[in-house]
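Engineer: Below is one structure. I have some questions about it.
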Amino acid sequence: MARHVIAKVEEVDIGKSKLVKVAGRDIALFNVKGEFFAIANRCPHEGADLCRGQVVGLAEADEPGKVRMTRHGELIRCPWHGWEFDIRTGKSWCDPARTRVKSFDVSVASGGALAEGPYQAETFPVSIDEDYVVVEI
Ligand code: FES
């Protein structure tokens, strides 16, 4: 498994996503309330680009007509047919045991640590005074 620098932290605002290509794979990077998560960009239903979907919350109801929204900004709704996936885990909300999108480990590292460590920036040179999002593949 290798680590790849995929973005500067300030490139992806809270609630937004960015499509990155790493080792031949299309990966959707999300900023959820300041935490970064990465999942495969391909929906397991019919292959839509998940980074083009809408970031949503979870609608729950204990009885008809009493809907409450929770987990704001933690699910991605596929742009084609609306399947929803947990951005943190890649699991489908409706069928978590059988349907999921591959997720990848993500961390944030300072440019100084990256410049001194064994990691290589794949998309751009690392400047040591900024923070970067790193994905493990
Ligand atoms: S392609 Fe994603 S729900 Fe159909």
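The values are calculated or read from the model by the stated rules, or taken from the named source; none is laboratory data. Not measured: the values here are computed from a predicted model. Cβ placement follows ideal geometry from the backbone for every residue including glycine, while neighbour counts extend to all protein chains displayed. Only protein heavy atoms, including side chains, enter the accessible area calculation; ligands, DNA and RNA are left aside. Shrake-Rupley method; radii C 1.70, N 1.55, O 1.52, S 1.80 Å.
Engineer: Given a 1.4 Å probe and every protein chain left where it sits, what share in percent of the accessible area of the chain is carbon and sulfur? Kindly include the intermediate steps, with their values, before the conclusion.
Structural biologist: Working: 3790 of 7840 Å².
Ligands and nucleic acids excluded, carbon and sulfur reach 48 percent.
Engineer: Still on this structure, please answer the following. Percent of Cα-Cα pairs per 5 Å bin, from 0 to the last occupied bin, for the chain, please list those.
Structural biologist: Taking every Cα pair in the chain, the percentages come to 2, 11, 20, 20, 18, 12, 8, 5, 3, 1, 1, 0.
Engineer: Something else about it: With +1 assigned to the C-beta of every Lys and Arg and -1 to the C-beta of every Asp and Glu, and no other charges, what is the dipole magnitude of the chain about the Cα centre in debye, to the nearest 20?
Structural biologist: The calculated dipole for the chain is roughly 460 debye.
Engineer: Keeping all protein chains in place and using 1.4 angstrom, which order do ARG3, ARG100 fall into by accessible surface area, from largest down? The partial results should precede the final answer.
Structural biologist: Numbers: ARG3 65, ARG100 115 Å².
Solvent-accessible surface, decreasing: ARG100, ARG3.
Engineer: Let me ask something additional. Explain nothing, just the number: relative contact order of the chain, from Cα pairs under 8 Å at least 6 residues apart, as a whole percent. Numbers along the way, then the final one.
Structural biologist: Working: 298 pairs, mean separation 38.5, N = 137.
Result for the chain is 28 percent.
Engineer: Under the rule of at least 5 residues apart or a separate chain, name every residue whose amide H is placed under 5 Å from the amide H of ALA48.
Structural biologist: CYS43
Engineer: Please list HIS45, HIS4 in order of solvent-accessible area, largest first, computed with a 1.4 Å probe with all protein chains present. Please report the intermediate quantities before stating the final value.
Structural biologist: Working: HIS45 70, HIS4 20 Å².
Descending order: HIS45, HIS4.
Engineer: Now, a different point. Under a 10 Å cutoff between Cα atoms, tell me which one of ILE27, ILE14, ILE39 has the largest fluctuation in the Gaussian network model of the chain.
Structural biologist: Of ILE27, ILE14, ILE39, the most mobile in the Gaussian network model is ILE14.
Engineer: Can I ask one more? Going by the alpha-carbon gyration tensor, a ≥ b ≥ c the square roots of its eigenvalues, is the range 21-80 rounded (a/c under 1.5) or, if a/c is not under 1.5, prolate (a/b greater than b/c) versus oblate? Working shown, then result.
Structural biologist: Working: a/c = 3.86, a/b = 1.83, b/c = 2.11.
The shape class here is oblate.
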